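Notes to accompany the following structure.
Every read-out reported here was derived from the displayed coordinates using simple, explicitly stated rules and does not represent laboratory data. Given the structure is predicted, the values throughout are model-derived calculations rather than measurements. Cβ coordinates were reconstructed from backbone atoms using ideal geometry, including for glycine residues, and neighbour counts include every protein chain displayed.
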Amino acid sequence: MCNSTHEAALCAIKLHPMWQEPLAIPGGDRQSPIDIVVRKSVFDPQLRPLKVQYEPRTCQQIWNNGYSFLVEYDDTTDKSTLKGGPLEDQFRLCQFHFHWGENNAWGSEHSIDRRLYPAELHLVHWNSDKYSLFEEAVIEENGLAVIAVFLKIGKRHEGLQKLVDALPAVRHKDSVVEFTKFDAACLLPENIDDYWTYAGSLTTPPLTEAVTWIVMKRHIEVSHDQLAVFRSLLFTSAEEQVQRSMVNNFRVQQAVKGRTVRSSFTPFLQDAPSMK
C-alpha cells in the first residue's frame, strides 16, 4: 500500500521502463533530484541575480525521446545564454523538457519540504566558456546548469499554449516536429531572483554529477487541460502493439548526503529576533 503522496509517487515510478534495471551511478554522492528542506537551506548573500538571455530564433524542434519531449535549441553560438546566480561562467541553452505525474498530486522531481507539484520544467544549459560541446560538458565538472521551475494547476499559461498546440504531432516515441521562434523565457516565473541552488546530477542516464541546480522559489501556473495534453503523449512508438501513456516520467528522490542547499533569499521571517 502507498500511504502518502511520496510513497504513491514512488509506487508509480517503479513501473517506468527506464528504472526497471539497476543503473551504474557515477560517484553517487551528488545525485538528483532531492527534497529541499527549507529550514536547512543556507542563505548566501553572495548569490547574484540570474541573467537569462534567450533568442527565440534559436528554437528548432520538439522531439519525443520516449521519456519526455525535448524542445531543442541551436547551441552552436552564444545566442541563448544563462549567467549570474551561482555561476562563474556563461552557459548555453540546449533544450528544455518537463517531468509530470499521472495526476495532480505528484509529478515534480524536486520537492520543497516534501511538497510535490504536478510537474517540473528543466531548462538545460552547458558551460560554453569551458567546453566546446554539450557532449563534453555533460561528463565534466561544472559542465551543466539546469533551471528547475515547478508547475501548479491554475489559470491557463498563455506562453505555454503555442507548445501545447504542437504536442499532438510528437505523440509517439521518436517523432520530431519543427518548432521555431519560441521564447523559453516566457516559462520562467516573474521573479527569478529567489532560488535554491545545490550541486547535483542529471536525473536521467548517464546521471553524471555535472549539474549546478537552480530551483526557482516561485512556480508558474498552467491549466489542467494544458497538462492533460502532456499526459496524452506516449512512451511507445507507433509500431508497438501496446501503447503506454507518458506519465510519471520522473526519477525517485536521492539522498542529500551532506550537501548544502543555498538560497538567494532569507528563508524565514520567524527567525528574526523577537521584539520582546
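Overview of values
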| read-out | value |
| --- | --- |
| Hits in segment 78-87 (condition: over 16 Å from the mean Cα position of the chain (by Cα) and farther than 19 Å from F179 by Cβ) | D78, T81, K83, G84, G85, P86, L87 |
| Scope segment 99-118; condition in a loop (DSSP other than H, G, I, E, B) and of a type in the set (S, T, N, Q); matching residues | N103, N104, S108 |
| Those residues of segment 40-98 which are among the aromatic types (F, W, Y) and assigned to a strand (DSSP E or B), in sequence order | F43, W63, F69, Y73, F91, F96, F98 |
| Selection count where residues are within 26 Å of K162 (Cα to Cα) and either out of contact with any helix residue (DSSP H, G or I) (no Cβ under 9 Å at 6 or more places or on another chain) or small (G, A, S) (or both), scope segment 77-94 | 4 |
| Subset of segment 202-241 that is hydroxyl-bearing (S, T, Y) and out of contact with any Lys or Arg (no Cβ under 6 Å at 6 or more places or on another chain) - its residue that is surrounded by the fewest Cβ atoms within 10 Å (Cβ to Cβ) | S232 |
| Among residues of segment 185-215, those that are of a type in the set (A, V, I, L, M, F, W, C) and touching a helix residue (DSSP H, G or I) at 6+ places or on another chain (Cβ under 8 Å), counted | 3 |
| Among the candidates V170, V146, V177, residue that is farther than 20 Å from D113 by Cα, surrounded by fewer than 16 Cβ atoms within 10 Å (Cβ to Cβ), of a type in the set (A, V, I, L, M, F, W, C) and touching a Phe, Trp or Tyr at 6+ places or on another chain (Cβ under 9 Å) | V177 |
| Matching residues, segment 66-87, being surrounded by fewer than 20 Cβ atoms within 10 Å (Cβ to Cβ), charged (D, E, K, R) and touching a residue at least 40 places away in the same chain (Cβ under 8 Å) | D78 |
| Search result, residues across segment 96-113 that are surrounded by fewer than 20 Cβ atoms within 10 Å (Cβ to Cβ) and either aromatic (F, W, Y) or closer than 18 Å to M216 by Cβ (or both) | I112, D113 |
| Residue match in segment 40-48 (condition: within 30 Å of Q226 (Cα to Cα) and in contact with a strand residue (DSSP E or B) (Cβ under 9 Å, 6 or more places away or on another chain)) | no |
| Hey, I192 under 19 Å from the mean Cα position of the chain (by Cα) and buried (at least 22 other Cβ atoms within 10 Å of the Cβ) or not | no |
| Candidate set: segment 88-140, residues that are of a type in the set (D, E) and over 14 Å from F230 (Cβ atoms); chosen: the one nearest to the chain's Cα centre (by Cα) | E109 |
